[in-house]
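The values are calculated or read from the model by the stated rules, or taken from the named source; none is laboratory data. Since the model is a prediction, treat every value here as computed from it, not as a measurement. For neighbour counting, all protein chains shown are included, and Cβ atoms are generated from backbone atoms with ideal geometry for every residue, glycine included.
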Amino acid sequence: MSRRPSIRDLELKLKAALLELKASKEMCDCLISERDDHETEIRSVIFMNTKLKGELAEMDVKCNDLTDQRDRLQAGERNGRLSESLRAVPAADLCFKRSIHVI
């Protein structure tokens with residue numbers, strides 16, 4: 001013969017289940033709050049990452065522009081020295097020819 005649970009036993013089980021349910025709800029609320037905080041932090045990190053990517057792209061463009069400008073200036077300096085050297089050749093040639101006549 002099985003013993004049927006008394007009303008007192010059922011009330012105790014019901015109260016225990018209610019306490020467990022409340023604890024689960026509090027844990028769920030806490031986890032939802034943490035999730036929301038993390039989502040906000042992730043959005044902030046994504047925003048900052050996007051901003052930094054934009055700044056990096058701008059800096060890359062400026063760096064490339066400055067590199068091109070430097071290369072043009074260096075090429076201009078080389079061409080300028082070459083022009084000076086080429087201009088100096090006739091004068092050196094004339095000087096050489098005069099020195100040959102003197103000898």
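Checking every residue in region 57-70 against the condition of being surrounded by 10 or more Cβ atoms within 10 Å (Cβ to Cβ), more than 31 Å from the chain's Cα centre (by Cα) and modelled with pLDDT of 95 or more gives zero matches. Within region 17-26, not a single residue is part of a helix (DSSP H, G or I), modelled with pLDDT under 95 and hydrophobic (A, V, I, L, M, F, W, C).
Within this structure, ILE7 passes the test of being among the β-branched types (Val, Ile, Thr) and exposed (fewer than 10 other Cβ atoms within 10 Å of the Cβ).
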